[in-house]
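J.: Please read through the structure below; I'll follow up with questions.
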Amino acid sequence: QLVESGGGLVQPGGSLTLSCVTSGFSFEDYAIGWFRQAPGKDREGLSCISVQGNTRYTNSVKRRFTVSRDNAKNTAYLQLNSLRAEDTAIYYCAAEPYCFGDYDLTPAPYDYWGQGTQVTVSS
């Protein structure tokens, strides 16, 4: 099970930290990916972090979002900075064994998904 939290309403330029608390599987054996889905759009891969802590980002968020993990807490995080209106979406975390290449920024390889947390960027 994965449970996201930390979403909310934030003004443009603001920041949020999303958390993904996991249970029911061996967190330290899984990479965590972060995705978002805006109304009427496909689910978009944002970032992933490997078991070893290596990270990947999609270009649109590379200098604004930061992914991290705390294996002791079975929790992953996504720090969102310099938020824009177009970042408004439901944000999801997901788990799969690997975070190596572009394929791991697509939804296809992910075994487990959270229910999502809404992020709304508006003045």
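Readers should treat all values here as calculations from the given coordinates under stated rules, not as data from a laboratory. Since the structure is predicted, the reported quantities are computational estimates derived from the model, not experimental observations. FYI the Cβ positions are ideal-geometry reconstructions off the backbone, even for glycines, and counts take in every protein chain you see.
J.: Given the options Pro39, Val10, Tyr98, identify the residue whose Cα lies farthest towards the positive end of the charge dipole of the chain (+1 on Cβ of Lys, Arg; -1 on Cβ of Asp, Glu).
T.: Highest projection toward the positive end goes to Val10.
J.: Beta carbons within 10 angstrom, averaged per residue: use that to sort the peptides 9-16, 76-83, highest first.
T.: Going by the mean number of other Cβ atoms within 10 Å, highest first, we get 76-83, 9-16.
J.: Could you list, bin by bin from short to long, the percent of Cα-Cα pairs of the stretch 61-117 in 5 Å steps?
T.: With 5 Å bins starting at 0, P(r) equals 4, 14, 22, 29, 21, 8, 1.
J.: The stretch 19-97: which trypsin sites (Lys or Arg not before Pro) are DSSP loop and have at most 13 other beta-carbon atoms within 10 angstrom?
T.: Lys41, Lys62, Arg63, Arg84
J.: Now for a different question. Using the 2.2 N^0.38 Å rule of thumb for compact globular proteins, work out how the chain stacks up: its C-alpha Rg over that value, please.
T.: Ratio of Rg to 2.2 N^0.38 Å for the chain: 0.96.
J.: How big is the antiparallel share of DSSP beta bridges in the chain, given as a percent to the nearest 5?
T.: 90 percent
J.: When the chain is fully extended, how far beyond the present Cα-Cα distance does Gln11 get from Asn71, taking 0.36 nm per residue of separation?
T.: Full extension of this stretch gives 18.5 nm more.
J.: Under a point-charge model restricted to the Cβ atoms of Lys and Arg (+1) and Asp and Glu (-1), what is the dipole moment magnitude of the chain relative to its Cα centre, in debye to the nearest 20?
T.: 420 debye
J.: With each pseudo-label sitting 7 Å past Cα toward Cβ, what's the Ser122-Thr55 distance in nm, one decimal?
T.: 2.9 nm
J.: Can you give the relative contact order of the chain as a percent, counting alpha carbon pairs under 8 Å and 6+ residues apart?
T.: Relative contact order for the chain comes out at 38 percent.
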